[in-house]
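Colleague: Below is the structure I would like to discuss, written out as structure tokens.
Rule-based calculations on the coordinates, nothing more; no lab input. Quick caveat, the model's predicted, so the values are computed rather than measured. Glycine gets a Cβ as well: all are built from the backbone with ideal geometry, and neighbour counts include every protein chain shown.
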Amino acid sequence: GDQVEQSPSALSLHEGTGSALRCNFTTTMRAVQWFRKNSRGSLINLFYLASGTKENGRLKSAFDSKERYSTLHIRDAQLEDSGTYFCAAETGGYKVVFGSGTRLLVSP
Amino acid sequence: ETAVFQTPNYHVTQVGNEVSFNCKQTLGHDTMYWYKQDSKKLLKIMFSYNNKQLIVNETVPRRFSPQSSDKAHLNLRIKSVEPEDSAVYLCASSPSSYEQYFGPGTRLTVL
């Protein structure tokens, strides 16, 4: 069955506002990674976490292996943040499972 | 900066033909992967190789075969493509931490 449930599937934000994306896992994951798909379709690394939180600019991510979830917070959203965001969880044994993605649209 | 390279970017072919996709990484990683992204944008792992050894082989049709000459290269061959093979194929590599670094993808269209 599906091991990674990502929500929401779509999100609309006005410039300057913020929100959070979330991935729930059906099993204990060793690490999580967050990506954004750029305009050329390439997956850009945002964060890689084995535990705890990381912050980079207006983005912040958290991963709780025990509680089986990870979040990606976006604050002060800008137009260029629009795109599709994916989480990917490492299950162990060289296997990574992706969430279904969140399409973010930031409007003026 | 791209360090995982895939060729071709696009490929259009007809049912029954054979195709090969190439992937090269210059990051010095030991592990490489192939993923398939379907029309619903879901990314699913197909294969992973560690130091040229097949580690993960998900349930994919036998017409798909990965090929690794060294740990920097992992190619994907599809014998006799089917319409459902139309997708974007993504190559990735990772160090021992499993952090994934993706290539730009190869979009396959099967007519």
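Colleague: If you take the alpha carbon radius of gyration of region A:4-103 and divide it by 2.2 N^0.38 Å, what ratio comes out, to two decimals?
Modeller: Numbers: Rg = 12.8 Å, N = 100, 2.2 N^0.38 = 12.7 Å.
That works out to 1.01 for region A:4-103.
Colleague: Still on this structure: Round to the nearest 0.05 the FRET efficiency obtained for A:T26 and A:E55 when R0 = 35 Å and r is the Cβ-Cβ distance.
Modeller: Details: r = 27 Å, r/R0 = 0.78.
The formula returns an efficiency of 0.80 here.
Colleague: Can you give me the C-alpha center-to-center distance between region B:1-60 and region A:64-106, rounded to a whole angstrom?
Modeller: Taking the Cα centre of region A:64-106 as reference, the centre of region B:1-60 is 21 Å away.
Colleague: Find the lysine pairs in chain A meeting two conditions, Cα atoms under 20 Å apart and a separation of 8 or more places or different chains, and report how many there are. Kindly include the intermediate steps, with their values, before the conclusion.
Modeller: On the way: A:K37/A:K54; A:K37/A:K60; A:K54/A:K66; A:K66/A:K95.
Qualifying lysine pairs in chain A: 4.
Colleague: Per-residue Cβ counts within 10 Å, from other chains only, averaged over A:88-100: what number is that?
Modeller: On the way: counts 8, 0, 5, 2, 1, 4, 14, 7, 11, 3, 8, 2, 4.
Mean partner shielding for this stretch: 5.
Colleague: Continuing with this model, one more query. Subtracting the Cα-Cα distance from 0.36 nm times the residue separation, let me have the gained length for B:F5 to B:T59 in nm, one decimal.
Modeller: Details: separation 54, 0.36 × 54 = 19.44 nm, distance 2.52 nm.
Full extension of this stretch gives 16.9 nm more.
Colleague: Give the order of A:Y94, B:Y89 when sorted by the count of other beta carbons within 10 angstrom, beginning with the fewest.
Modeller: Values: A:Y94 20, B:Y89 23.
Ascending number of Cβ neighbours within 10 Å: A:Y94, B:Y89.
Colleague: Once the Cβ-Cβ distance between A:S19 and B:D38 is put in as r, and R0 is 25 Å, what FRET efficiency do you end up with, to the nearest 0.05?
Modeller: 0.40
Colleague: May I pose another question? Run the reach check for B:K24 against aspartates and glutamates, Cα to Cα strictly under 13 Å, same-chain hits fewer than 8 apart removed. What comes back?
Modeller: Answer for B:K24, where 13 Å is the Cα cut-off: B:D70, listed by chain and number.
Colleague: Take each of the peptides B:102-108, B:58-64, A:83-89, average the number of other beta-carbon atoms within 10 Å over its residues, and list them starting from the highest.
Modeller: The densest-packed peptide leads the list: A:83-89, B:102-108, B:58-64.
Colleague: While we're on this one: Which residues does a label at A:R40 reach in region B:1-32, if reach means a backbone N under 20 Å from a point 7 Å past the Cα toward the Cβ?
Modeller: Answer for region B:1-32: B:1-12, B:21-28.
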